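Where a number appears in this text, it was derived from the coordinates with a stated rule and is not lab data. Quantities reported herein were computed from a predicted structural model and do not represent experimental measurements. For neighbour counting, all protein chains shown are included, and Cβ atoms are generated from backbone atoms with ideal geometry for every residue, glycine included.
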Amino acid sequence: MEAFVGGLPKVELHLHIEGTLEPEMMFRLAERNGVALPFASVDEVRRAYEFTDLQSFLDIYYQGAAVLRTEADFYDLMWAYLERAAADNVRHAEMFFDPQTHTERGIGFPVFMAGFAQARADARERLGITTHLIMCFLRHLSGEAALDTLEEARPFFGEIIGVGLDSGERGNPPQKFVEAFTRARKAGLRAVAHAGEEGPPEYIRDSLDLLGAERIDHGVACEQEEALVERLAAEGIALTVCPLSNMKLQVFPDLRDHNLRRLLQRGVRITINSDDPAYFGGYVGDNYLAAQRALGLTREELATIARNGIEAAFLDDGRRAELLAELEGYLARG
Ligand code: ADE
Ligand code: ZN
């Protein structure tokens with residue numbers, strides 16, 4: 001099974017680039033940039049990764065991002081992730097970034113976008129991995145701040161495939177961001193949103209109906225509303241599920257209780273992703289394997305999950321057909 005999962009051609013659709021900052025790189029960049037860290041060692045950082053909920057993680061995650069300062073830092077961060085993704089046979093990745101985490105510290109779009117552009121070009125050329133960038137608005141900040149960020153991003157719209165919504169979910173409903181999403185979609189950007197991770201099923205509905213979200217990130221709370229599960233299945237809306245994240249953030253403290261297999265069996269387009277792999281103890285291949293072991297997923301179910309990822313990606317028809325053919329070829333050789 002490990003070899004089967006390892007070789008499975010994968011698409012990753014829910015990955016925060018700031019969440020790929022491994023403690024070793026955190027220390028290296030802190031030293032390079034003269035940034036003080038509140039940790040004495042890599043081991044101490046890892047020991048701090050005991051999360052009780054989403055917010056307890058976000059506090060440490062935003063603190064860690066403070067070491068990212070130069071174009072080279074953003075390049076190194078993204079390149080390290082893409083090299084690691086290649087080892088899991090990721091063939092296409094749609095990566096989230098949180099511009100407000102950086103602009104609030106005085107690091108502007110030209111700095112991180114230049115680092116990202118070079119890493120993506122190198123991944124295409126050296127690893128054969130295609131990539132997209134999705135810009136997330138931080139939902140604990142205001143709708144006006146999201147609008148300002150969208151305008152700052154406008155010169156870079158050619159490098160951004162879509163917008164997303166992340167950070168603390170509870171108490172920060174999709175309603176806050178209707179204008180930002182409407183304006184982004186008018187400019188031709190695609191839309192996704194985190195919803196139903198810790199928040200209620202109505203945040204999933206409202207993300208679809210008010211924000212125009214085409215995929216839902218996490219979305220596991222849909223199971224609380226029968227009609228919503230039926231709607232997601234009927235409309236083919238993908239959920240970008242992140243099993244190890246859900247376990248670490250106590251959404252499903254025991255992975256054996258995770259609902260992804262039930263939802264898959266009910267026809268919901270489930271995908272498996274890593275969210276913030278440096279913080280949650282595993283990259284996308286680890287997430288596939290952990291879910292397989294905990295839930296007894298069959299090869300056919302794993303193949304469906306991989307196929308769902310290709311189908312739900314914001315790919316052009318040519319690249320989508322190429323990846324589907326690659327997957328079917330792999331399964332036929334199985
Ligand atoms: N930012 C990074 N990871 C996140 C998650 N799982 N939920 C909300 N915001 C995030
Ligand atoms: Zn996420």
P(r) weight above 18 Å for the stretch 91-170, C-alpha pairs, percent: 42
Between the stretch 149-177 and the stretch 49-94, the alpha-carbon center distance in angstrom: 18
Where labels lie 7 Å past Cα in the beta-carbon direction, separation of Ala121 and Thr304 in nm: 4.3
Alpha-carbon Rg/Rh ratio, for the stretch 17-124, with Rh computed the Kirkwood way: 0.96
Point-to-point label distance, Phe27-Gln175, nm (Cα→Cβ direction, 7 Å offset): 4.8
Estimated FRET transfer efficiency (Lys186, Ser41; beta-carbon r; R0 51 Å; 0.05): 0.55
Listed residues Ala234, Ala65, Ala123, most fluctuating in the chain (Gaussian network, C-alpha, under 10 Å): Ala234
Listed residues Gly128, Gly115, Gly162, most fluctuating in the chain (Gaussian network, C-alpha, under 10 Å): Gly128
Rounded to 5, percent antiparallel among DSSP beta bridges of the chain: 0
Enclosed volume per residue, in Å³, of the convex hull spanned by Cα atoms of the chain: 125
Cβ-based exposure ranking for Cys242, Cys136, in which fewest neighbours within 10 Å come first: Cys136, Cys242
Relative packing of 307-320, 275-288, which averages over residues the other C-beta atoms within 10 Å, highest first: 275-288, 307-320
Long-range tail of P(r) for the stretch 218-267 (Cα pairs > 11 Å, %): 67
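Per-residue ellipticity at 222 nm for the chain, helices alone: DSSP H runs ≥ 4 residues times -39500 (n - 2.57), over residue total, nearest 500 deg cm²/dmol?
Using -39500 (n - 2.57) per qualifying helix, the result is -15000 deg cm²/dmol.
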